[in-house]
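What follows is a short report on a single structure.
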Amino acid sequence: MKDPQGNLVQGRTRWRRFAALMLPATAVAGAIVFGMANGAIAASFAVSGQTFKVSASKLEGEGFRQYGGVVTEKQSGDTHPVAVSGIDSAKLYDLCQSVKVPNLPVVLTINAGGGGDPATATDLLLDVTQLEGDATFTNIDIGVDASDVGGEPGAFGQRSEKVVITDLKQVAWSTSAGTFNLKGLKLKVNVGADAKECFVTK
């Protein structure tokens, strides 16, 4: 394609649009990339106005708690109900996180914790809309007042000393952690036929 002066302009609009749409997805990984030098991130990372997917072959956690909550999108003000899940310390094996760029065949993926050397997190907090897997809870209390586990007084809550979830698949609005140590971190922008998320939502 040429402009009226005969200069080639092929792809100009497409790539400007690509860059604009990539900004939210890139922001998801910003804190992780910033902490790549020493492999640990003492910060939080979150998605604003867009969900993302997280999978792991196994999650092992101590100090588990869960209660209902609501997240609000910064730009639109829209609210969404979530299950707030907290874990004092966690190990995640074969961790994958993916964010799809809206309206384009582009997926940003982050992988870590492979080869039997798990990613680890402390003070992990997730705002989850969907979770699948096989779970085992140790010394679980179901129906506790949510205020005892970080939620609102009078609401439903549950907690357990330990939790193990295999074949974990979840969709979340945000994730934060006191420290996230990502062993073997790999970040990649996948385009076209390679633009595949961590898993397909049922």
- With the Cα gyration tensor of region 106-202 giving a ≥ b ≥ c as the square roots of its eigenvalues, does the rule (a/c under 1.5 for rounded; else a/b larger than b/c for prolate; else oblate) give rounded, prolate or oblate? prolate
- Message: Using Cβ contacts closer than 10 Å as the measure, can you line up LYS183, LYS188 from fewest to most?
- Response: LYS188, LYS183
- Task: Set the Förster radius R0 to 25 Å, insert the Cβ-Cβ distance between THR179 and THR136 as r into 1/(1 + (r/R0)^6), and round the FRET efficiency to 0.05.
- Result: 0.50
- Note on the structure: Taking a straight Cα-to-Cα line shorter than 12 Å from LYS162, and setting aside same-chain aspartates and glutamates fewer than 8 residues away, one finds GLU60, GLU62, ASP88, ASP141
- Query: How about LYS100: which lysines have a C-alpha closer than 29 Å to its C-alpha, ignoring those fewer than 8 places off in the same chain?
  - Reply: LYS53, LYS58, LYS74, LYS91, LYS169, LYS183, LYS186, LYS188, LYS196, LYS202
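Quick note: the coordinates plus some simple rules give every number you see, no bench work behind them. What you are looking at is a predicted structure, and each value in this text was computed from that prediction instead of being measured. Note that we place each Cβ from the backbone using ideal geometry, even for glycine, and neighbour counts take in every protein chain shown.
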